[in-house]
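Participant: Pasting a structure here, questions to come.
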Amino acid sequence: MVRWFGAVQAQEVPGATWALARRVSTRICESDVLAALDAGDIIRTHVLRPTWHVVAPEDLRWLLALTGPRVRASQAARYTELGLDAATFSKAEQVFARALGDVPHLTRHALGDQLGRAGIATEGQRLPHLLMHAELSGLICSGPRQGRHFTYVLVDQRVAPAATRSREDALAALMTRYFTSHGPATAHDAAWWSGLTIRDVREGVGLSGDALIAHRIDGVPHWSGAGDGTEYGARDGRTRPNAPVVHLLSNFDEYTVAYRDRRPLLHAGAEPSTLAQSALLSQPVMIDGRHGGRWRRTIPARATAPVSVEVHLLDAPAPAIQRALEAEVERYAGFLRRPVSIRGI
């Protein structure tokens, strides 16, 4: 599934594990996803935009080669503010390589200590940006957790070598993955998601050949994967299932964060404002694909105590929606392998 998406945004780990598991199978639980991360079956690192994503190991190198320079360039002003220059990055990455050559995986704190011993200041946001730069350079990526903390490992010790991909091949591959897994979507959506330019996106679409098909939705050009067998027309003409469908989405779920224009996902009565579209990124409840409210979870320290899921809907729920919501909460309980209580509805 991660390979099919191309990359899945994952800066908030509890939400990302739910987003991944929910799309695979109701049999997949939180510990399964964490085990896959620990084993290196999927990799969490900075790629595409300046945030964490999860990628398939065999995709890591070519994705970084394609998008890493753009992400680093976008951070240039911040690097200057933090007093980080090419010499500092080079020295820090030598420290990381030496430390991780001696010890297979180290936490962020431990790597910060190594930098301090080498005379590299790590206060404030310097350490996160030094680590991110090393990730974007393809030196380090996520390793197995130590307790609740992720570690870093050398990419060369975590990911098998791969043949270098041409820029054209990488562009075509990324655009095919994006529009196949997120389509129908626009060029501006793809540019936002990938961190590439509109020109890059259009070039990638052209290079994708018959893998993508074009549509005009409400007069706007969109693309989707050619193999999905779906025809897209005006939004008002789309069919919906007989029973309501409810999803508890995580923060920054691909269903919402992967689009620059999120107006089609808004509640029918919402104004298409920036604020309303931003609210879609914060644990939304989606009802038949559109924003229906928000939810949050509270996990008590005692492992046998029920997890509390609090739901606030924008409209009073009809009985069928109530049942669908309760079923989704049960799916979430199965994912956590813990009892869940529901409040707020």
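The values are calculated or read from the model by the stated rules, or taken from the named source; none is laboratory data. Every value quoted in this text rests on a predicted model; they were computed, and no experiment measured them. Using ideal geometry, Cβ is built from the backbone for each residue, glycine included, and neighbour counts are taken over all protein chains shown.
Participant: Scanning for something modelled with pLDDT under 95 and acidic (Asp, Glu), does the stretch 211-230 turn up at least one residue?
Facilitator: Yes, the stretch 211-230 has at least one match.
Participant: Tell me the residue from 18, 52 that is within 13 Å of the chain's Cα centre (by Cα), crowded, with 20+ Cβ neighbours inside 10 Å, among the aromatic types (Phe, Trp, Tyr) and closer than 19 Å to residue 152 by Cβ, please.
Facilitator: 52
Participant: Now, a different point. Residue check: is residue 318 in contact (Cβ under 8 Å) with a residue 60 or more places away in the chain, surrounded by 15 or more Cβ atoms within 10 Å (Cβ to Cβ) and over 25 Å from the mean Cα position of the chain (by Cα)?
Facilitator: no
Participant: Would it be correct to say that residue 61 is among the charged types (D, E, K, R) and over 22 Å from residue 259 (Cβ atoms)?
Facilitator: So residue 61 fits the description; yes.
Participant: Here is a follow-up. If the Cβ limit is 6 Å and pairs must be 6+ apart or interchain, which residue in the stretch 93-116 that is closer than 23 Å to residue 37 by Cβ and among the β-branched types (Val, Ile, Thr) pairs with which residue that is buried (at least 20 other Cβ atoms within 10 Å of the Cβ) and modelled with pLDDT of 95 or more?
Facilitator: 107/151
Participant: If you don't mind, there's one more thing I want to ask. Check the stretch 295-306 and report whether any residue there is within 17 Å of residue 18 (Cβ to Cβ), hydrophobic (A, V, I, L, M, F, W, C) and either in the same structural domain as residue 261 (by TED's automatic domain parsing) or out of contact with any strand residue (DSSP E or B) (no Cβ under 6 Å at 6 or more places or on another chain) (or both).
Facilitator: yes
Participant: Next question, about the same structure. Are any of the residues in the stretch 16-24 under 19 Å from residue 135 (Cβ atoms), part of a helix (DSSP H, G or I) and modelled with pLDDT of 95 or more?
Facilitator: For the stretch 16-24, residues under 19 Å from residue 135 (Cβ atoms), part of a helix (DSSP H, G or I) and modelled with pLDDT of 95 or more: present.
Participant: Shifting gears a bit: Mind checking which residues of the stretch 141-196 are of a type in the set (S, T, N, Q), in contact with a Lys or Arg (Cβ under 9 Å, 6 or more places away or on another chain) and over 30 Å from residue 99 (Cα atoms)?
Facilitator: If the condition is that a residue be of a type in the set (S, T, N, Q), in contact with a Lys or Arg (Cβ under 9 Å, 6 or more places away or on another chain) and over 30 Å from residue 99 (Cα atoms), then 186, 194 are the ones that fit.
Participant: I would also like to ask the following. Need the failing condition index for residue 63 against (1) closer than 19 Å to residue 182 by Cα; (2) at pLDDT below 95, just the number.
Facilitator: Only one criterion in (1) closer than 19 Å to residue 182 by Cα; (2) at pLDDT below 95 is unmet by residue 63, namely (2).
Participant: Okay, next question. Please verify whether the stretch 62-72 includes one or more residues that are surrounded by 17 or more Cβ atoms within 10 Å (Cβ to Cβ) and more than 18 Å from the chain's Cα centre (by Cα).
Facilitator: Taking every residue of the stretch 62-72 in turn, at least one turns out to be surrounded by 17 or more Cβ atoms within 10 Å (Cβ to Cβ) and more than 18 Å from the chain's Cα centre (by Cα).
Participant: Follow-up. Search the stretch 172-215 for residues being of a type in the set (A, V, I, L, M, F, W, C) and touching a Pro at 6+ places or on another chain (Cβ under 9 Å), and hand back the single one that is farthest from residue 68 (Cα to Cα).
Facilitator: Restricting to residues being of a type in the set (A, V, I, L, M, F, W, C) and touching a Pro at 6+ places or on another chain (Cβ under 9 Å), the top hit is 214.
Participant: Given the condition surrounded by 12 or more Cβ atoms within 10 Å (Cβ to Cβ), within 21 Å of residue 26 (Cβ to Cβ) and at pLDDT 95 or above, answer yes or no: does some residue in the stretch 299-308 qualify?
Facilitator: Looking for residues that are surrounded by 12 or more Cβ atoms within 10 Å (Cβ to Cβ), within 21 Å of residue 26 (Cβ to Cβ) and at pLDDT 95 or above, one finds none in the stretch 299-308, hence no.
Participant: Under the condition of being touching a residue at least 40 places away in the same chain (Cβ under 8 Å) and charged (D, E, K, R), which residue from the stretch 122-147 is nearest to residue 70 (Cα to Cα)?
Facilitator: 135
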